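Asks: Before I ask anything, let me first share the structure, which is written out below as structure tokens.
No value in this document is a laboratory result; all are computed from the given coordinates. What you see is a predicted model; the values in this text were computed from it and never measured. Note: ideal-geometry Cβ built from the backbone for every residue, glycine included; neighbour counts use all protein chains shown.
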Amino acid sequence: MMHCTVEDLLALRAGEASVFARTHIEACATCRAELDGLYQRVAQLKALPVLRPSRDRWPVVQTAVRVERTRRRRVWSAGSLAAAAALAGLLLLRPTATGGGLHAELSQAKQQSATLEDELRRYDVDGRVLSGRAATLVAELEDRIAVIDGDLASLGEIKAQALDADLVKLWQQRVDLMRELVTVRVTRARYVGL
Amino acid sequence: MTVALAVPDVLVARAQAGDEAALEALFRAFETPVYNLARRMLRTTEDAEDVLQETFLEVVKSIRQYRGDGHLWGWVRRIAATKALMRIRREQLRAAEPLDQEPAGRPAMHVGANLDLERAFEHLSDTSRSVVWLHDVEGYTHEEIAELMGKSVSFSKSQLARAHTRLRGLLGEGAEA
């Protein structure tokens, strides 16, 4: 009498068995016992004890996290400059009849933002040692600035005439955050005597 | 290993923003399941720990690409399985060992040796062990395993059948069906 192969038993378990296997398993106690054995073996495999690492690998990963943060910061910095340049170009090409006051405010906010960017670069943002609290604050501020940059980029894509007030507001928010960022950097730099 | 761990969306969002504390929380949540998976697929604790590290380096690098489609554990587990399989392939290339053979230097076991399951499992080749673990324990389909391994579905199925035949013999469960 021909019995089920292991392939047949696995196919039976998966519900993909041949007609022969499905018919045979009904009639053959030996093959039913083999199938039970297969189910038990898999259940025992699932019940094997959970193995745990003996060494903590987080410190290595943590270093990578910090390197990645530095890389992103560089990208962010380059991205903000590009966004600022693109918006400046856009606004120069726009007609001046949309509100001279708003344009003046916008120009002022952008100028302030650029000045603060320069100031930040002078503090060599990647090379300074920050306390955990300061690093968290910096990260939070950078994330918020990144969100504003995203909004600015979206507005730049829309290029609608009526968006001046929104642009001014966003740029002013950006300037405020940049100021806070500079303060954190400068305070920390002075504190460590650099 | 079944992981019932649900990671809050806000934690994932913070990790995607580069928040170190959130990334550490993810590491702590998944380090044991990742290590367990790698250790079951690989032969040494050192290799498994290296895969754990490589997996999380990849998670840190790529977490912004995770779009929330499916459980985060599924995403992390796939990275870990891929890393472990890459390591197996590298080792096999170095040892010029065919994918489906017992590793060199490991004494062949006799059928009916009555090993316990954990020891018997250790006696399978790296490839067979990986297929058994991914399919029978982690619940991967043969199609998914074939994709991960860069092999055919029939390769995955035949590896599983051979592994179970061998396990059955090592456990002394009688003559082949």
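Asks: Based on the Kirkwood radius over alpha-carbon pairs, what is the Stokes-Einstein translational diffusion coefficient of the stretch A:6-46 at 10 °C with 1.306 mPa s viscosity, in µm²/s?
Replies: Numbers: Rh = 10.3 Å.
So the translational diffusion coefficient is about 155 µm²/s.
Asks: To continue, here is another question. For the modelled label position 7 Å from the Cα of A:Val186 along Cα-to-Cβ, which residues of the stretch A:137-151 have backbone nitrogen atoms closer than 18 Å?
Replies: In the stretch A:137-151, the label zone of A:Val186 (backbone N under 18 Å from the point 7 Å along Cα→Cβ) covers A:138, A:141-142.
Asks: Could you pull out the GluC sites (Glu not before Pro) across the stretch A:1-53 that fall in loop regions by DSSP (anything but H, G, I, E, B) with no more than 16 other Cβ atoms inside 10 Å?
Replies: On the way: sites: A:Glu7, A:Glu16, A:Glu26, A:Glu34; in loops: A:Glu16.
Filter output for the stretch A:1-53: A:Glu16.
Asks: Now for a separate question. Per residue of A:18-31, what is the mean number of Cβ atoms on other protein chains within 10 angstrom of that residue's Cβ? Display every interim value, and only then the final one.
Replies: Details: counts 0, 0, 0, 0, 0, 0, 0, 0, 0, 0, 1, 0, 3, 1.
Across A:18-31, the average partner-chain Cβ count within 10 Å equals 0.
Asks: Quick one: order B:Val132, A:Val186 by neighbouring beta-carbon count within 10 Å, fewest to most. Let's see the in-between values first.
Replies: Working: B:Val132 25, A:Val186 14.
Placing the least packed residue first, the sequence is A:Val186, B:Val132.
Asks: Is there a pair in B:Lys61/B:Lys151; B:Lys61/B:Lys157; A:Lys110/A:Lys169; A:Lys169/B:Lys61 whose C-alpha atoms are over 23 Å apart, and which pairs would that be?
Replies: Values: B:Lys61/B:Lys151 27 Å; B:Lys61/B:Lys157 34 Å; A:Lys110/A:Lys169 11 Å; A:Lys169/B:Lys61 33 Å.
Too far apart for the 23 Å limit: B:Lys61/B:Lys151; B:Lys61/B:Lys157; A:Lys169/B:Lys61.
Asks: Calculate the mean, over all residues of peptide B:130-143, of how many other protein chain Cβ atoms lie within 10 angstrom of the residue's Cβ. All intermediate terms of the calculation are to be shown ahead of the outcome.
Replies: Numbers: counts 0, 0, 3, 2, 0, 3, 8, 5, 1, 1, 0, 1, 3, 0.
Counting Cβ atoms of other protein chains within 10 Å of each residue's Cβ and averaging gives 2.
Asks: Let me ask something else. Given Cα positions, please report Rg to Rh for the stretch B:1-95, the hydrodynamic radius being the Kirkwood one. Before the final figure, lay out the partial values.
Replies: On the way: Rg = 13.5 Å, Rh = 13.7 Å.
Over the Cα atoms of the stretch B:1-95, Rg/Rh equals 0.99.
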